[in-house]
1. Per the chain: cysteines with no other Cys C-beta under 4.7 angstrom?
2. Eigenvalues of the Cα gyration tensor times 5, then square-rooted: what semi-axes does that give for region 1-107, in whole angstrom, largest first?
3. Going down the list K12/K286; K354/K432; K280/K392; K280/K408; K198/K392, which pairs span over 28 Å between their C-alpha atoms?
4. Normalised by the number of residues in the chain, what is the relative contact order in percent for Cα pairs under 8 Å and 6+ residues apart?
5. Take the alpha carbon gyration tensor of region 297-432, find the square roots of its eigenvalues, order them as a ≥ b ≥ c, and report rounded if a/c is under 1.5; if not, report prolate when a/b exceeds b/c, else oblate.
6. Along the Cα→Cβ direction, 7 angstrom out, place labels at A218 and E201. What is the inter-label distance in nm?
7. Tilt of helix 267-281 relative to the longest C-alpha principal axis of the chain, in degrees (0 to 90, nearest 10)?
8. Which whole-number percent of Cα pairs in region 360-457 have a distance greater than 16 Å?
Amino acid sequence: MPERRIILPGAKMPTAWYNIMADMPTPPAPYLHPATREPLTPDALTPIFPMSLIEQEVSTQRWVDMPGDVVEALRQYRTTPLLRALRLEKALGTPARIYYKYEGQSPTGSHKSNTAIAQAYYNKQAGIKRLATETGAGQWGSALSLACNWFGMDCTVYMVKVSFHQKPYRKTMMRMWGAEVFASPSDKTHAGRDILAKDPESLGSLGVAISEAVEDAATHDDTNYSLGSVLNHVLMHQTIIGLECIEQFDMVGEYPDVIVGCCGGGSNFGGLVFPFLGQKLRGEAKKDTRYIGVEPAACPTLTRGQYRFDYGDVAQTTPLVLMYTLGHNFMPAGIHAGGLRYHGMSALISQFVKEGRIEASAYPQNPVFQAADLFAKAEGLIPAPESAHAVKGAIDEALKAKETGEEKVILIGLSGHGFLDLGAYENYLDGKLVDFALPEDELCRALGELPEIDLKM
Ligand SMILES: Cc1ncc(COP(=O)(O)O)c(C=O)c1O
């Protein structure tokens, strides 16, 4: 019988993060100051980030040791299991061997706790009393609320309005862990009030909620800002996922041919893929693995966006990042995978896609929910709508393997569970889910508002 649950003993949990910037053939472009458009100096970020995290953002050191308190907190739920999807394989009739790395067993329900714990720790060390952040579906806000609670800090969460109403129990979780939660756009900030003045019915977006949280942090001395994705240090904190996975595959003598993950800002995908990609870049990989990032067709950053410098938020307060973007003014449709409704993408993931080292694909939400349905019936687990994108991408790869008869090994990044997304599943079961096709003129409008910056600088 093949091993179904591959469990790495807690004592073998990695205690250093992997930094892929040490192995990149071309270093990433510097971030630019939003006002001067000159390369950003570290001190420009100190009003909202602690120096320890700013240093991690630009570090090229291959291994970064985790502080003891972070290791201790991560051990609350790590290591996470690698599971063989035997029933899904059978349901598909594929010769592929499908595995999934399950991050939904963290207390908050997703991979987001992996960086929330690290970020809360470093901010606490810097004497910060409160963290402000945005959240889409609520997974990141939940993760930061609990981490702040563990490290004795307050937490303010600006939750994208459409998700605030779609997922009310997420708000309850955050409040249970001591956070205050506002629907964004809110009347608490200039950025929120500006948007509400233009559009009182605004559904909100991650780009808007980020503007509110950054403004809150920048205008309070005891408060910093914390971002749940996109930034280099966030992806580095998530590499614990891929590092565990490499060891787990070693335990059963396997190695993935294809790794599929969902991409919002790129953190769970980067965290899973980078340790494997690093092996490839160093010439140490056992296979020429393909990596596929899956995104919603309603917010197709990697597949229909442009590789340009852009702001991370609507109010243009964040640094300019060279990344795939749909334009900072892009307002995605109110799809249920709220964590994938972001106009931009991690600079590192973007660069690897541009270089042809990482592939990307996009699906509308109905086929994604059908894939989640099949997965739930076979494996029992109900994935988060974000993670369901990875499931859909992996099922398509498994069906291709069925056609060709290839026995490939497919790894799915199952970033979280969907137990608080049941309203979305209810809509799906009732046939009420709408597929939003993004019209070309809407995309052109948002891309037309990108800042003009010479890529050769
Ligand atoms: C379960 C889950 N997966 C994936 C994502 C997407 O974020 P990222 O691309 O940073 O992993 C989110 C974001 O909220 C999420 O909640």
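No lab work stands behind these numbers, since they all come straight from the coordinates. Because the structure is a prediction, the values reported are computed rather than measured. Neighbour counts are summed over all protein chains in view; Cβ atoms, including those assigned to glycine, are modelled from backbone coordinates with ideal geometry.
1. So far as the 4.7 Å Cβ criterion goes, C245, C262, C263, C299, C444 stand without a partner in the chain.
2. Whole-Å semi-axes of the equivalent ellipsoid: 38, 20, 13.
3. In this structure, K354/K432; K198/K392 lie more than 28 Å apart at Cα.
4. Averaging sequence separation for qualifying contacts and normalising by length gives 19 percent for the chain.
5. Judged from the Cα gyration tensor, region 297-432 comes out oblate (a/c at least 1.5, b/c at or above a/b).
6. Placing both labels 7 Å along Cα→Cβ, they lie 3.1 nm apart.
7. The helix 267-281 is inclined about 60 degrees to the chain.
8. The calculated P(r) of region 360-457 puts 65 percent of pairs beyond 16 Å.
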